[in-house]
1. Quick one: which of 625, 571, 600 is touching a strand residue (DSSP E or B) at 6+ places or on another chain (Cβ under 8 Å), outside any loop (DSSP other than H, G, I, E, B) and closer than 30 Å to residue 549 by Cα?
2. Give me the pairs: first residue in the range 594-608 and free of Cβ contacts under 8 Å to residues at least 60 places away in the same chain, second residue open to solvent by less than 40 Å² (accessible area, probe 1.4 Å), beta-carbon distance under 8 Å, and six or more apart or on different chains, which are they?
3. I'm checking my understanding of the structure. Among residues of the range 389-412 that are open to solvent by less than 20 Å² (accessible area, probe 1.4 Å) and more than 21 Å from residue 587 (Cβ to Cβ), which one is nearest to the chain's Cα centre (by Cα)?
4. Just one of 484, 458 is among the acidic types (Asp, Glu), modelled with pLDDT of 95 or more and open to solvent by 10 Å² or more (accessible area, probe 1.4 Å); which is it?
5. Taking the stated definitions as given, is residue 252 on the phi < 0 side of the Ramachandran plot and in a loop (DSSP other than H, G, I, E, B)?
6. Quick check on the range 438-450: of everything there that is within 48 Å of the chain's Cα centre (by Cα) and free of Cβ contacts under 8 Å to residues at least 24 places away in the same chain, which residue is surrounded by the most Cβ atoms within 10 Å (Cβ to Cβ)?
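The values are calculated or read from the model by the stated rules, or taken from the named source; none is laboratory data. Just so it is clear, the model here is predicted, and its values are computed rather than measured. Here the Cβ positions follow ideal geometry from the backbone for every residue, glycine too, while neighbour counts run over all protein chains shown. Note: areas computed on protein heavy atoms with side chains; ligands, DNA, RNA excluded. Shrake-Rupley method; radii C 1.70, N 1.55, O 1.52, S 1.80 Å.
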Amino acid sequence: MTDELTSPLAGVPADAASRPIPVDDASEAIDRRRHRPWARFFVAFLISMLLGLAAGAGALYAYDREYTGRVLPGVAVAGLDLSGLTPEQATEQLEAAYAYLGQGKAIVAGGGFEMPIDYAKIGRRADVERMVTEAMAVGRSGNAVERVILDARTAVRGYDIQPAVVFDEARLARYVQTYAARLTITPKSAIVVERDGAFEVVPGSDGRVADRIAPTEYLTAALADLDAPSEIRVDLEVAAVDPDVTNAEASAAVTAANTLAADIPVVAGKESWTIPTAVIHKWITFSTGADGTYGPVISDESMTASLTSTLAEEVAIKGRNASFSVSGGKITGVVPGKDGRGLDVAQTASRVSEVLKARATGAAETPVEPVLISTPPNLTTAEAQAVAGKMRKISSWTTYFPITEKNGFGNNIWIPALDIDGYVVGPHEKFDFWGAVGPITRARGYRDGGAIINGKTEPQGALAGGICSCSTTLFNAALRAGFEMGARRNHYYYIDRYPLGLDATVFKSGSGSVQTMSWTNDTDYPVLIRGYKIRDGGRGYVRFELYSVPNGRKVSFSRPIVKNVRPATDTVQYTSTLAPGTRKRIEYPVDGKDVWVTRTVRDASGKVIHQETYYSHYARITGITLVGR
């Protein structure tokens, strides 16, 4: 019993006790047995602590999991607690709390008017979406341990988010810009115009402009403030804007223009002319110069064109072509030509410019001396002498007419024919009927004659009535010579003394309407026109002969094509203006018709050089015989 209790091997397994113990480890084994109770306590304490920590961590993890999808406790926006709310709930809370941010208006004033801009129209509100996103993000960053720590810290200390205001800044700027544009008035410059031969000022007006930049910047800053009042007022500065040309500047320009536009005297020896104010007005325009001054400007181009069509024509003396003497149908000599006079427009315009410059500066001025030049005729004496021996009669035409009151008893036909007699059309020169005959005046022997007025023949309807017999005769002579034909018009109704479809009327009406007959000498040789007055008792004739160097041209005509014939009728009208039983024919019946005639001209080789079809529409005329009663 005693041995069992005191044996150092008691309680040791038999197999261990039977193993020998090394001598060197005996003392260490005794020490381990001696310290084992303390080790057990430490291990037990450590295990207890780890179990406690594990339990706490589990609790915190469970806490974090509990607020998944919700705001953690302790999170607020400007003191508004959002703890435990879902994003939707937080959004609802914040929108309700900051709904006042969209209530109110900004007032833009200026120019005596105001424009309200409701906060709601520019979408002014709290930035709820950003605040909710930030609230949800609190405590959600880092690993699990870091989130546990952040959750605990947020719960203990709290986390406050600063609210923010947002609005549509671009829309705000557009509102301000729109209002500023309403206040803006574009300035209108004064201008100078010519009315009834005088320069007048069309008044301009000042403009104004509103500054939109400063008000926009002010409102942008003010509305971003959470504590902005429900009404914000801002004034737009409105500034006056001067026009480019003021009324005073335009008036000064008129004064300057009137000084320039005074009549300009033109003197050459004993002759004098005037460039009138009305003409100078056409040279003047108004503009702002390089120095910024608004005033009159002389257009050199307009001046040159104007002098060409006015002063040059007044100064000009037309040269006379050399002509030819004729005897027995042959050219027997040359009648010398005569030089004309013209104006050197460019040099004269330069002198006029000097006068205008003197006027502009207030310097003394003198009359303009025109630069005159000699202008040879289209056909010189030497040129006529060179071809005189080759000249031959190349065409002619004769027209019969009864000598009656309808043609001034022949005067209205023979006077222009004799005016044209001896007329020379130079190479490539144009012949114009009204340019070749002299003035149509009673002093020269013209009388009243027949004219077609309103579709009826008036025996004494117009001065020089009947002159068309002259124009038609020369037209047919030139037509058969093969020249290039120009202006031509048929009579209102057909007159059977003329070639069907080849008559050529001429007239000058009181309204200014003019009909001429013209042709061009499209050869390299002059053409002499001989006109003849022929009288055989009560019968009259007019004849034209054309002389030139034969060129081999051949002229042919188609047979007249006649269509749409409208037969005329004859009537009798009784009148008290005639003695009873007396009869007087005042209108002959004439069928109406449409006629086409084609002329073809070939050169010496047979090549067609001219071909044209003349169309004539002749009206139907009802015959009228007056019978006295």
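1. Working: 625 fails: closer than 30 Å to residue 549 by Cα; 571 fails: closer than 30 Å to residue 549 by Cα.
Unique residue meeting the criteria: 600.
2. Matching pairs, first to second residue: 594/616; 594/618; 598/614; 600/610; 603/552; 604/552; 608/600; 608/601.
3. Of all residues in the range 389-412, those open to solvent by less than 20 Å² (accessible area, probe 1.4 Å) come to 391, 395, 399, 401, 407-408, 410, 412.
Next, from what is left, pick out any that are more than 21 Å from residue 587 (Cβ to Cβ): 391, 395, 399, 410.
Values: 391: 57, 395: 54, 399: 56, 410: 57 Å.
Checking each candidate, the answer is 395.
4. Result: 484 is the single residue among 484, 458 that is among the acidic types (Asp, Glu), modelled with pLDDT of 95 or more and open to solvent by 10 Å² or more (accessible area, probe 1.4 Å).
5. Details: on the phi < 0 side of the Ramachandran plot: yes; in a loop (DSSP other than H, G, I, E, B): no.
It is false that residue 252 is on the phi < 0 side of the Ramachandran plot and in a loop (DSSP other than H, G, I, E, B).
6. Residues of the range 438-450 within 48 Å of the chain's Cα centre (by Cα): 438-440.
Of the ones still in play, those that are also free of Cβ contacts under 8 Å to residues at least 24 places away in the same chain are 438-439.
Values: 438: 12, 439: 8.
Among residues in the range 438-450 that are within 48 Å of the chain's Cα centre (by Cα) and free of Cβ contacts under 8 Å to residues at least 24 places away in the same chain, the one surrounded by the most Cβ atoms within 10 Å (Cβ to Cβ) is 438.
Matching residues to (1) farther than 30 Å from residue 293 by Cβ; (2) in contact with a Cys (Cβ under 6 Å, 6 or more places away or on another chain); (3) modelled with pLDDT of 90 or more; (4) of a type in the set (A, V, I, L, M, F, W, C):
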| residue | (1), (2), (3), (4) |
| --- | --- |
| 120 | yes, no, yes, yes |
| 139 | yes, no, no, no |
| 145 | yes, no, no, yes |
| 150 | yes, no, no, yes |
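For every residue, the table says whether it meets (1) surrounded by 14 or more Cβ atoms within 10 Å (Cβ to Cβ); (2) modelled with pLDDT under 95; (3) among the charged types (D, E, K, R); (4) in contact with a Cys (Cβ under 9 Å, 6 or more places away or on another chain).
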residue: 540; (1), (2), (3), (4): yes, no, no, no
residue: 545; (1), (2), (3), (4): yes, no, yes, no
residue: 553; (1), (2), (3), (4): yes, no, yes, no
residue: 556; (1), (2), (3), (4): no, no, no, no
residue: 568; (1), (2), (3), (4): yes, no, no, no
residue: 601; (1), (2), (3), (4): yes, no, no, no
residue: 616; (1), (2), (3), (4): yes, no, no, no
residue: 629; (1), (2), (3), (4): no, yes, yes, no
